[in-house]
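What follows is calculated from the coordinates using simple rules that are stated; it is not laboratory data. Please read these numbers as outputs of a predicted model, since none were measured by experiment. A quick note on method: Cβ atoms are made from the backbone with ideal geometry, for glycine too, and the neighbour counts reach across all protein chains shown.
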Ligand code: PSU
Ligand code: MN
């Protein structure tokens, strides 16, 4: 639950405040993908395009970030651009959100922190690229993203292209099941793998339309089942990089991370950057396409709610 004492730390963009007050659909967007997930200027172009797509679908976009200690729900064009070029922005998850607010810092919010802030504002749908999850070798490193715990506790629908394929998707699905998080593939039987339409694993649940996702969310609320839901929306065919091909780049990126002893929150940004290099920018094009595709579906779910 969000206490009322959180309100003074949150700035709602006027368009977002109006939409929420009028009960019109709003879609939250994360910002770690802007500060740590993509290089400039692609991050800036992506962030603007995703907002435009949501608006074209008839919903109001709310990109979430912490700027100078203020929790921003909805960024102006200027604020979004500053964040895209900010050096030294923090990567904020549940563990560091309060620190950034208390210390007046600036940072991109991960899936976990964006869910928390979306809930504070009363937003129920959120679009991202891929969630964090159980890293390969987690049995040694204990590296499991806080995104999974947040999905278990915070009632927000997260639309993704699955878990990033740099992760151990099988273990990620296991943890989500243990924590009681419904994982629903949209019109697919197989769990997507971020850059690729298919992973080797079946999706736990399948629904055909955004309206069905909205109905499931509402049913879970009425049943008193708390926590969020993960929607796995496969990247469009024309934009995908087949899983067999990605496997080579992912393995090479993991070798580089091990050689350079990359650990903790640096792991995900390092691997994404390495894969971008190894694919000559192709992974970035796919990443942008899948975020846009998720934004479109998230807007439709928000409209149906
Ligand atoms: N999706 C993307 N690019 C990203 C991320 C997701 O397409 O950069 C970010 C998200 O913010 C996610 C975070 O919450 O990576 C996961 O980081 P970690 O594995 O350290 O929890
Ligand atoms: Mn981690």
Notebook entry, point to check: Do we have any residue at all in segment 206-227 that's in contact with a strand residue (DSSP E or B) (Cβ under 7 Å, 6 or more places away or on another chain) and part of a strand (DSSP E or B)?
Noted result: yes
Margin query: Of the residues 258, 266, only one is more than 20 Å from residue 32 (Cβ to Cβ), within 16 Å of ligand 2 (Cβ to nearest atom), surrounded by fewer than 20 Cβ atoms within 10 Å (Cβ to Cβ) and free of Cβ contacts under 8 Å to residues at least 12 places away in the same chain; which?
Written below: 258
Check: Does residue 62 satisfy being under 22 Å from residue 194 (Cβ atoms) and either assigned to a strand (DSSP E or B) or touching a residue at least 12 places away in the same chain (Cβ under 8 Å) (or both)?
Finding: no
Notebook entry, point to check: For residue 241, all conditions in the list (1) out of contact with any helix residue (DSSP H, G or I) (no Cβ under 8 Å at 6 or more places or on another chain); (2) not in a helix (DSSP H, G or I) hold save one; what is the number of the exception?
Noted result: (1)
Checklist line | From the options 230, 284, residue that is in a helix (DSSP H, G or I), away from ligand 2 (no atom under 16 Å from the Cβ), in contact with a helix residue (DSSP H, G or I) (Cβ under 8 Å, 6 or more places away or on another chain) and under 24 Å from residue 108 (Cβ atoms) | finding: 284
Check: Within segment 244-271, how many residues are within 16 Å of ligand 1 (Cβ to nearest atom) and part of a helix (DSSP H, G or I)?
Finding: 14
Notebook entry, point to check: Can you name the residue in segment 143-158 that is under 19 Å from residue 257 (Cβ atoms) and surrounded by fewer than 22 Cβ atoms within 10 Å (Cβ to Cβ) and is also farthest from ligand 2 (Cβ to nearest atom) among such residues?
Noted result: 144
Check: Can you name the residue in segment 103-112 that is touching a helix residue (DSSP H, G or I) at 6+ places or on another chain (Cβ under 9 Å) and either in a loop (DSSP other than H, G, I, E, B) or without any contact (Cβ under 8 Å) to a residue 60 or more places away in the chain (or both) and is also nearest to residue 157 (Cα to Cα) among such residues?
Finding: 112
